[in-house]
1. Once the whole set of protein chains is in place, how much accessible area is left on R272, using a 1.4 Å probe, in Å² to the nearest 10?
2. Over all alpha-carbon pairs in region 358-419, figure out the percentage whose distance exceeds 13 Å.
3. Ranking request for peptides 217-227, 159-169, 433-443: highest mean number of other beta-carbon atoms within 10 Å first, then the rest in descending order.
4. Excluding A168 itself, calculate the net charge of residues whose Cβ lies under 12 Å from the Cβ of A168, where each Lys or Arg counts +1 and each Asp or Glu counts -1.
5. Would you mind checking the pairs K332/K403; K348/K443; K330/K366; K155/K193 and listing those with alpha carbons more than 19 angstrom apart?
6. Please compute the volume of the convex hull spanned by the alpha-carbon atoms of region 318-455 and report it per residue in Å³.
7. How compact is region 231-310 by the rule of thumb for globular proteins, expressed as Cα Rg over 2.2 N^0.38 Å?
8. Could you work out how far the C-alpha centroid of region 187-217 sits from that of region 402-455, in angstrom?
Amino acid sequence: MDKNLKKILENIKNNQMNSKKLKNEFKKIYQKEQGNNKILAVILSLLILGKCEFSYENFVKENSGCTIIVNGYVFSSNKQYAKQNLLIYKDKILATSEDLPDELPQGINSFNIIDATDMVITPGLIDQHIHGGFGVDFNYASEEDIIEFSQKIVKYGITTYYPTIMTASIDEIKEQIKIINQAKAIVPICSAKIDGINLEGPFLNSKYKGIHPSSSMLKPTVDNYKKIEDPEIKIITYAPELDENFELTKYLANSNVIASAGHTSASSEIIRLAADNGLKQVTHLFNAMLPLHHRNPGVIAEALINDNIFVEVIADGHHLQREIIDLIFKAKDSSKIIFISDSLPLNKADINSVTFGRQKIINKNKEVAVNADNVFAGSMSFLNVILKKNQNNYKHSLLCATKNVCDNLGINNYGEIKRGNIADLAMWKYAKQDKTLHLDFNKPDKVIISGKMLN
């Protein structure tokens, strides 16, 4: 067996075997070999067909780095659930295959086998707009707070997030950027990853400030932005109507930072012109912006009809009513819709109030948090809960918390289950209802970060 496989590998290396001949050779091995050799042959065939760049000797020597997930349904980017098995080597998805046997032979303990019976395997959830949780506030959090947050939130299936800093003084923002960057560098294995920073402010329109402190708001200029500029800033919310000649918009676009319109009174024309100059996104659509009106369509209308603009949506059932979420999905290409949590420090905290945006925020009913004027401060849900509330209505809701986020941010190595991507995965129990799979989004049964199982 080993000699046959080694010979095939040598022939492939020397370009002496085409794919048709390769398949025929492995078919012979499948028919001939049993037990351990069969599973090894299947795995090696996946490696070869995937054109992976390491030798047979190294694979045999290091096979403890292999994980095989069997018997599960895999969620794909075409919104389908397919019965497939996954092969993971170290931190990457090596292959998906229906050919791996459901009943694995005995004696292959050197491989890490995960049985995903009655589970759906999805990409890990990605939250690009989150202010905190578990009592942690990213405007004031220490490195230790952020690391603890990363270790806790991953248990809810969120494998990547972008800590979001709200409007504050220049010095406060710069200090928190520094702290978040330091925490990112030392986040332990099997914790949710920090892949950048989201700034919500300080370049907002005070008319639609929400709970942001207007005393710290600044005019959106390139000079002002340079006071806080950092390579880890990936998204910034600003009011484009205050950006003269769209100078900041252009600068952000040229710097590969997502310019996102929010807390704004911009007209539809301004949003259209801003998009022509690099605006890419609208922050929490419908919230903290000029309302939709039939004679003054504003930012909302342009965001819905402009195919070049992504929109953030807080689909927690409180920030937006069901009919509005329906409207968004009917008017907007679903590939441009991003679910965010906008989660507050009060979420999953053992306290009923907190100072946020320099004011007291109260946990009203465990699902809504408001200030003294009854203004919504943010959500009390993580992304898994938002998916739980929306999965029956929209087949594409999972994409709104995975692949769509990556498409927005220009990321191509996670957020989708495919060969070569980083193995950040969540495995959810499911029940069948009306011939469809209903996922239990309360908490994943298992989470895998960079190919390693969360304990």
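The values are calculated or read from the model by the stated rules, or taken from the named source; none is laboratory data. As the structure is a computational prediction, the values presented were derived from the model and not from experiment. We place every Cβ from the backbone using ideal geometry, glycine too, and count neighbours over all the protein chains shown. Keep in mind that these areas ignore ligands, DNA and RNA; they rest on the heavy atoms of the full protein, side chains included. Shrake-Rupley method; radii C 1.70, N 1.55, O 1.52, S 1.80 Å.
1. Accessible area, nearest 10 Å²: 100 Å².
2. On the way: 1333 of 1891 pairs.
Roughly 70 percent, rounded to a whole number.
3. Sorting 217-227, 159-169, 433-443 by mean packing, highest first, produces 159-169, 217-227, 433-443.
4. Combined, the nearby Lys, Arg, Asp and Glu give -3.
5. K330/K366, as the Cα separations exceed 19 Å there.
6. Numbers: hull volume 22.2 nm³, N = 138.
In region 318-455, the Cα convex hull volume per residue is 161 Å³.
7. In units of the 2.2 N^0.38 Å rule of thumb, it is 0.99.
8. When both Cα centres are located, 26 Å separates them.
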